[in-house]
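Asker: Let me give you the structure first, and then I'll get to my questions.
The values are calculated or read from the model by the stated rules, or taken from the named source; none is laboratory data. Here the structure is a predicted model, which means the values were calculated and not measured. Neighbour counts run over all protein chains shown; Cβ positions are idealised from the backbone, glycine included. Protein only, heavy atoms only, side chains kept; ligands, DNA and RNA dropped before computing areas. Shrake-Rupley method; radii C 1.70, N 1.55, O 1.52, S 1.80 Å.
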Amino acid sequence: MSALFIPLSIVCTFLMLHLHQPQQLYRHIFLQALVIHGIAIILITEILSLVQQLTFLPVVLFWGFSILLQILYLRQGFTDDIRSVLKSTFQKRLQTLQEQSEVSFPTILCLSSTITIIGICLLTALIAVPNNYDSLTYHMPRVMHWLQNQSVAHYPTNNLRQISFQPGASYIVAQLQLLANGDYFANLVQWSSFLGSVIAVSLIAKIFDPKSTALAVLLCASIPMAVMQSTTTQTDLITGFWLTCYAYFLIKSRHYTWVSLVWVTASLGLAISTKATALFLAAPLSVLFLWRLLTQAKAESQYGSALLKFLTVQFLALCCSIPHFLRNISTFGNWLGEDSSTRVEPVALASFLINSLRNIALNFPFPIVWQGIEKFASLTSLSINKSSDTYGDPDSFKLFVANSNYLWTFLVPDEDRVASPLHIFLMLLILSYIIYELISRSFSKTYNSDHDSLTVIPFVIFLCGLSGFILFSGLVKWMEWNNRLILPLLVLVTASLGYYANRILPKIIQYILIASLSLTGIGYSLTPIHRPLVSLPPLVPKQSSSILNLNRVDRYYSGFGQAGTILKQDYESIAATLDEAKCYDLGLSQGIDDLEYPLWVSLHARNGLARIKHINVSNPSQKAPEPFPNQEICAVLEKTETGFILRNP
């Protein structure tokens, strides 16, 4: 029951916001309510952590008291107002729909496909458990350590990603974990971001051109990587959601008041608190924000006020992450913490170019594309096997070219690698069109602004997405998983893609595009390889059976093949041995990237008070405060190359 407190609080906040701004669209108010709760969760998590009280009782009291206050506010003298406002608004919406009764078939298909995709993903998110590789190695384990330690303070760990990476999304998961007494709703954080992204894109598209809204919405809902991540506890989709909210609130206001800047600031702050890549993915939007501020200030010559607003927004947005930055400085001597060797060093112009081409290739898994890039690199003396701009094996790109039969696996519904060829092709097509228009316009003496197909705002948002992609390519090393990391940018530009596709593509091509997007989105939503509702043939080692045919425990290991079966047997045997010995304080010695979360599940299935502490830590986190004394450890679990060893401390 307590797990419903957060959604109930969102509903109450929605009603309060609607009462005070009845002229606003429901979608706009819904985004505001989500932003408020995102900030509230960060604040309450950090405050409770300061006094080591991140436990069920304070969290449930906070949300219960918050709901009570909101209900009292809504009831005391405002009930009639709420009813009249809701009734009036509903009647206006109904009248608008009646006036637009002749909805085109493509619009119906776009909206029905979008609803179907979102609905299937919701079903999967509720049935599935967190079983993505990153979820099992650091997303969910760090939540368990926080709840055990009753604080989000850094702790000694063999997997530094558990403490150094931005924690915003995991704070939400942690609160849901406390309220639900389990991970039953952990996947809903990303799914809610999926729904929120679609809504935010629809609002941006409405600003561009209401006629393009339906296509833009489908473009967002059918991004394969977005569909895949919407049923996991990864963080790229929620980063994309906050980034798109930042763009929406930024372009929504024609004149920035301090009140309107609250939503701009909060959205940017939430994006940064969720993933560090948002620092540069959002940079082009921040430049757009500064440009709009200065443009507005020009008429009144208030440049000082414009700069003050800009700097205030950027500073307060960073404040959302200051507690985490300070913890990183204390542990690592670096505010961003451990980067896992993913940063391009040194930054060079060649890296921007070659990595941009290689990141595009990830979405076109066809040998001719990869071979063409290798040939281009050879002709221009650009290196595609430098360790400074390639993660892991410097020859990994060449290995893909040499083993081109393996490229098709980028089309497999895998949330770590899946390509988006339709979306990237459309993006490149529109980019070519924009370049052609700009060149034609520069030579034209009869340019007519009344027929301008490059409307400023859609063009600028598209340019922001493109600039973010180039920045990403120049600052983050190329790796086969980069499709996951560029997802926020793809979500951001879908409104612009829908706008231009609606204006420049012939109707027959639009119909083909809509059909293709619909089939792609629905197909991917049914078949994610780690948690499919409909299982694909076992063409890849990670393919899982349908989650409808697996019990909850087996779902944690689905998609890992025989290795998952063996791991399940080991963890359940270890949990049974410890339970029989009445030993519930375990010292864990493991590698830097082992599947830790299922061990928590196995131990807590037998005793919810079981505790885990990382030992034999030989990295900067070893100086972090111990969660409990070594003297309390009653058993040690060591991970070796051949398996696990359970021994006395």
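Asker: For region 490-565, what's the relative contact order in percent, using C-alpha pairs closer than 8 Å and at least 6 residues apart?
Answerer: Taking the mean separation of contacting Cα pairs over the length of region 490-565, I get 18 percent.
Asker: For region 468-597, with the dipole built from +1 on Lys and Arg beta-carbon atoms and -1 on Asp and Glu ones, taken about the Cα centre, which of 515, 535, 546 lies farthest toward the positive end?
Answerer: Checked the options; the winner is 515.
Asker: Between rounded, prolate and oblate, where does region 273-403 land on the alpha carbon gyration tensor, with a ≥ b ≥ c its root eigenvalues, rounded for a/c under 1.5, else prolate if a/b exceeds b/c?
Answerer: oblate
Asker: While we're on this one: When ranked by the protection proxy of mean other Cβ atoms within 10 Å per residue, highest first, what sequence do the peptides 152-162, 338-348 form?
Answerer: Descending packing order for the listed peptides: 152-162, 338-348.
Asker: Quick check: residue separation of residue 283 and residue 366 times 0.36 nm, minus the Cα distance between them. What number comes out in nm?
Answerer: Net length gain for the segment: 26.7 nm.
Asker: What does the highest-first list of 628-635, 497-504, 397-404 look like by mean Cβ count within 10 Å?
Answerer: 497-504, 397-404, 628-635
Asker: Right, another one. Keeping the other protein chains in place, figure out the carbon and sulfur percent of the accessible area of the chain, with a 1.4 Å probe.
Answerer: About 64 percent, which is the carbon plus sulfur part of the accessible surface.
Asker: Continuing with this model, one more query. If you take the beta carbon distance between residue 10 and residue 443 as r and set R0 to 41 Å, what does 1/(1 + (r/R0)^6) give as a FRET efficiency, to the nearest 0.05?
Answerer: 0.15
Asker: What whole-number distance in Å separates the alpha-carbon centres of region 160-226 and region 15-59?
Answerer: Distance between centres, Cα-based: 16 Å.
Asker: If you don't mind, there's one more thing I want to ask. Helix-derived [θ] at 222 nm for the chain: sum -39500 (n - 2.57) over DSSP H runs of at least 4, divide by residue count, nearest 500?
Answerer: Helix-only estimate at 222 nm: -20000 deg cm²/dmol.
Asker: Greater than 29 Å separation of Cα atoms is the criterion. Which listed pairs, 398/623; 309/623; 542/639; 252/477, meet it?
Answerer: Listed pairs above 29 Å: 398/623; 309/623; 252/477.
Asker: Quote to one decimal, in nm, the extra length available between residue 335 and residue 433 on full extension: 0.36 nm per residue of separation minus the C-alpha distance between them.
Answerer: Using 0.36 nm per residue and subtracting the Cα-Cα distance, I get 31.1 nm.
Asker: Turning to a different aspect of this structure: Can you compute the charge dipole magnitude of region 339-417 about its Cα centre, using +1 on each Lys and Arg Cβ and -1 on each Asp and Glu Cβ, nothing else charged? Give it in debye, rounded to the nearest 20.
Answerer: 300
Asker: Is region 312-358 rounded, prolate or oblate when judged by the Cα gyration tensor, a ≥ b ≥ c being the square roots of its eigenvalues, rounded requiring a/c under 1.5 and prolate requiring a/b larger than b/c?
Answerer: Oblate, since a/c reaches 1.5 and b/c is not below a/b.
Asker: Considering the chain, which cysteines have no disulfide-compatible partner, defined as another cysteine with its Cβ under 4.7 Å away?
Answerer: 12, 110, 121, 220, 245, 319, 320, 464
Asker: Let me ask something additional. Go ahead and run the numbers for FRET between residue 61 and residue 21, Cβ-Cβ distance against an R0 of 22 Å, rounding to 0.05.
Answerer: 0.15
Asker: Would you calculate the separation in nanometres between label points at residue 645 and residue 47, each defined as 7 Å from the Cα along the Cα-to-beta-carbon direction?
Answerer: Between residue 645 and residue 47, the simple spin-label model gives 4.9 nm.
Asker: Assign unit charges at the C-beta atoms only (+1 for Lys and Arg, -1 for Asp and Glu), then state the dipole size of the chain relative to its Cα centre in Debye, rounded to the nearest 20.
Answerer: Charge dipole, the chain, about its Cα centre: 1360 debye, nearest 20.
Asker: Charges on Cβ only, +1 for Lys and Arg, -1 for Asp and Glu, centred on the Cα centroid of region 330-406; of 399, 330, 346, which one is farthest towards the dipole's positive end?
Answerer: Farthest towards the positive pole: 399.
Asker: State the Cα centre-to-centre distance between region 314-348 and region 571-613 in whole Å.
Answerer: So the two Cα centres are separated by 31 Å.
Asker: Mind checking the dipole of region 499-649: about its Cα centre, +1 per Lys or Arg Cβ, -1 per Asp or Glu Cβ, Debye to the nearest 20?
Answerer: Using only the charged Cβ atoms, the result is roughly 760 debye.
Asker: Still on this structure, please answer the following. Using the charge dipole of the chain (Lys, Arg: +1 at Cβ; Asp, Glu: -1 at Cβ; taken about the Cα centre), state which of 556, 165, 486 has its Cα farthest towards the positive end.
Answerer: Farthest along the dipole direction, towards plus: 486.
Asker: Okay, next question. Sort the following peptides by mean Cβ neighbour count (other Cβ atoms within 10 Å, averaged over residues), highest first: 239-247, 421-429.
Answerer: Output ranking for 239-247, 421-429: 239-247, 421-429.
Asker: Calculate the FRET efficiency for residue 150 and residue 606 from the Cβ-Cβ distance with a Förster distance of 22 Å, rounded to the nearest 0.05.
Answerer: Using R0 = 22 Å, I get an efficiency of 0.55.
Asker: Give the residue list of trypsin sites (Lys or Arg not before Pro) in region 551-649 that are DSSP loop and have at most 11 other beta-carbon atoms within 10 angstrom.
Answerer: 582
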